[in-house]
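Worksheet: one structure, shown below.
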Amino acid sequence: MATTTTPVRPLLFSDTSVGTMRANVFVAPNRIEVREVPRPRAGAGEAVIRVTLTTICGTDIHIVRGEYPVRSGLVIGHEAVGVIAELGAGVTGYEIGDRVIVGAITPCGQCHGCLSGHQSQCGHGTGFEAAGGWRFGNTIDGAQAEYLRVPYAQANLAKIPGDLRDEQVVLLADIASTGFSGAESGGVKLGDSVVVFGQGPIGLCATIGARLMGAARVIGVDPDPHRRDIAKRMGADIVLDPSTMEIAAEVKLITGGGADVAIEALGTQATFEAGLRSLRPGGTLSSLGVYSGKLGVPYDAFAAGLGDLRIVTTLCPGGKERMHRLMELVRHGRIDLTPLLTHRYPLERIGEAYELFGEHRDGVLKVAITF
Ligand SMILES: NC(=O)c1ccc[n+]([C@@H]2O[C@H](COP(=O)([O-])OP(=O)(O)OC[C@H]3O[C@@H](n4cnc5c(N)ncnc54)[C@H](O)[C@@H]3O)[C@@H](O)[C@H]2O)c1
Ligand SMILES: [Zn+2]
Ligand SMILES: [Zn+2]
């Protein structure tokens, strides 16, 4: 009688045959293409995951429009959930087939930056590098692809508990980690009044984060009525339209003197300045937006430098411990980000997803890219 044998898959190294994969490639400003490219391989200390769900970030829009330069031929995207397909030498405690999430920021866990608690400013084994922790879809191939090579895998693969679905966790890789960090870096305390400028995906997560940190009152600011509605659903107590009022004056009226913390989640001079002007003396402006050109601090909004004000900036925190902690918030019912995943597209149609997302059409917040 003929017998069939099941191939035995080695625990640490999977099939080593060279293959290709489908990936979304940045070709030139305003030109991306889904192409067949070589499948990445895991070197020492690295892993390759088969991506099962990814999404598009506002920062990818800056890249595609040519506002943030990356090299032609780079696979873009930096938010990934997947299954381990290959483990390089020296990566322990994982098996082929484990479901994992990898943060947008992949710190090495070894350099001065990482060991000083500034993992996002990782120097890849030595020193500090400004924003050096952001590598996917920036300086190395990213997550809008069938396979993703993960550097410093030991520090960056976070196993997903079996009771959580991909859709429940994918937004933790970037927007939730970033948005929540706006409230954390702002030092939001029990009973604080917090105003959040911009209620896009990042600002909505800052609103959720401010509540998690114990804010008594969160004011969400956005000119888009749909985004103000979702802000209320996600926990803003009051929403304001900046096209119909002077926000700083309104916030001072509502709070009786100014917000304890203002979070900027857009990246413009106008919102940076309005954030500063909305604060009480001694308050904190926590800035998340990515700015271009010159950014000014007006003398009067800054109390001539004597107002005990703090201005802090934060790049999305990454690494497996951060992902683990955020997944615990989901598992225990503290947060549910699935309402922000408004649309689904297969990788082959990612170009359409970019158009929809970039133009804020059809009530889009985040797009799930499937395989
Ligand atoms: N710090 C980080 O690590 C990090 C990570 C990811 C993204 N970002 C940056 O965060 C910013 C926000 O990202 P996003 O994906 O939420 O973008 P988004 O464009 O979807 O959201 C911005 C929101 O601001 C609103 N807005 C426009 N004018 C406004 C005004 N005058 N006052 C208040 N709101 C106004 C828009 O209607 C929109 O809803 C971007 O600059 C992005 O590059 C930073
Ligand atoms: Zn991003
Ligand atoms: Zn490092």
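The values are calculated or read from the model by the stated rules, or taken from the named source; none is laboratory data. Values in this document were obtained by computation on a predicted structure and should not be read as measured data. Here the Cβ is made from the backbone with ideal geometry for all residues, glycine too, and neighbour counts use every protein chain on show. The protein model used for the area step is the full one, side chains on, heavy atoms only, and it has no ligands, DNA or RNA in it. Shrake-Rupley method; radii C 1.70, N 1.55, O 1.52, S 1.80 Å.
Label-point separation (nm) for His360 and Arg41, each offset 7 Å from Cα along Cα-to-Cβ?
Roughly 4.7 nm, to one decimal.
I want the local charge near Glu184. Using Cβ-Cβ distances under 13 Å, sum +1 for each Lys or Arg and -1 for each Asp or Glu among the other residues. Write down the numbers at each step before the final one.
Working: positive: Lys189, Arg211, Arg322, Arg325; negative: Asp192.
Here the charged neighbours net out to +3.
Which GluC sites (Glu not before Pro) in region 263-369 sit in a loop by DSSP (not H, G, I, E or B) and have at most 12 other Cβ atoms within 10 Å of their own Cβ?
Sparse-neighbourhood loop GluC sites (Glu not before Pro): Glu359.
With unit charges on the beta carbon (Lys/Arg positive, Asp/Glu negative), name the residue among Pro29, Ala173, Gly203 whose Cα is farthest towards the positive pole of the charge dipole of the chain.
Positive-end residue among those listed: Ala173.
So how strong a dipole does the chain carry about its Cα centre when Lys and Arg Cβ are +1 and Asp and Glu Cβ are -1, to the nearest 20 debye?
Values: 35 positive and 39 negative charges, 91 e Å.
Using only the charged Cβ atoms, the result is roughly 440 debye.
Suppose every K and R has +1 on its Cβ and every D and E has -1 on its Cβ; what is the size of the dipole of region 288-330 about the Cα centre, in Debye to the nearest 20?
Details: 5 positive and 4 negative charges, 41 e Å.
Here the size comes out at about 200 debye.
Could you work out the local net charge near Val297, counting Lys and Arg as +1, Asp and Glu as -1, over the other residues with Cβ closer than 12 Å to its Cβ?
Details: positive: Arg277, Lys294; negative: Glu273, Asp300.
Taking every other residue near Val297 into account, the sum is 0.
Can you tell me the accessible area per residue over region 217-359, all protein chains present, probe 1.4 angstrom, in square angstrom? Let's see the in-between values first.
Details: 7010 Å² over 143 residues.
Per-residue value: 49 Å².
Summarise the accessible area of the chain (1.4 Å probe, protein heavy atoms) by the percent that is carbon and sulfur. Don't jump to the answer; show the numbers that get you there.
Numbers: 8530 of 16110 Å².
Carbon and sulfur together cover 53 percent of it.
Just to confirm the filter: which GluC sites (Glu not before Pro) across region 161-255 are DSSP coil and have at most 13 other Cβ within 10 angstrom of their Cβ? Provide the component values of the computation, followed by the final result.
Details: sites: Glu167, Glu184, Glu246, Glu250; in loops: Glu246.
Passing sites in region 161-255 are Glu246.
Compute the distance from the alpha-carbon center of region 73-123 to that of region 17-72, in whole Å.
16
So if each residue of separation counts as 0.36 nm, and I subtract the Cα-Cα distance between Glu95 and Ser72, what length gain in nm does that give? Please list the in-between numbers first.
Details: separation 23, 0.36 × 23 = 8.28 nm, distance 3.38 nm.
Taking Glu95 through Ser72 to full extension adds about 4.9 nm, to one decimal.
Looking at the square roots a ≥ b ≥ c of the eigenvalues of the Cα gyration tensor of region 199-318, which shape do they give, rounded for a/c under 1.5, prolate if a/b is larger than b/c, or oblate? Intermediate values should be presented prior to the final figure.
Numbers: a/c = 1.41, a/b = 1.26, b/c = 1.12.
Taking the square roots of the gyration eigenvalues as a ≥ b ≥ c, region 199-318 is rounded.
Which residue fluctuates most in the GNM of the chain (Cα springs below 10 Å): Leu190, Leu285, Leu148?
Taking springs between Cα atoms under 10 Å, the residue moving most is Leu190.
Based on the alpha-carbon gyration tensor of region 11-155, what equivalent-ellipsoid semi-axes (square roots of 5 times the eigenvalues) come out, in whole Å, largest first?
Working: eigenvalues 107, 91, 27 Å².
Listed largest to smallest, the semi-axes of region 11-155 are 23, 21, 12 Å.
Between Arg331 and Asp229, what is the FRET efficiency for a Förster distance of 25 Å, r being their Cβ-Cβ separation, to the nearest 0.05? Can you show the working numbers first?
Working: r = 28 Å, r/R0 = 1.11.
So the FRET efficiency works out to roughly 0.35.
Between rounded, prolate and oblate, where does region 290-354 land on the alpha carbon gyration tensor, with a ≥ b ≥ c its root eigenvalues, rounded for a/c under 1.5, else prolate if a/b exceeds b/c?
Cα axes put region 290-354 in the oblate bin.
If you fit an axis through the alpha-carbon atoms of helix 201-212 and take the longest principal axis of the Cα set of the chain, what angle between them do you get, 0 to 90°, nearest 10?
That works out to roughly 70 degrees.
Which loop-located trypsin sites (Lys or Arg not before Pro) does region 180-247 contain, where loop means any DSSP state but H, G, I, E or B and the Cβ has at most 13 other Cβ atoms within 10 Å?
Lys189
Region 130-244: percent of C-alpha pairs farther apart than 18 Å? Working shown, then result.
On the way: 3899 of 6555 pairs.
The answer is 59 percent, as a whole percent.
By its C-alpha gyration tensor, with a ≥ b ≥ c as the square roots of the eigenvalues, how is the chain shaped: rounded for a/c under 1.5, else prolate for a/b larger than b/c, else oblate? Provide the component values of the computation, followed by the final result.
Working: a/c = 1.94, a/b = 1.83, b/c = 1.06.
Note, shape of the chain comes out prolate.
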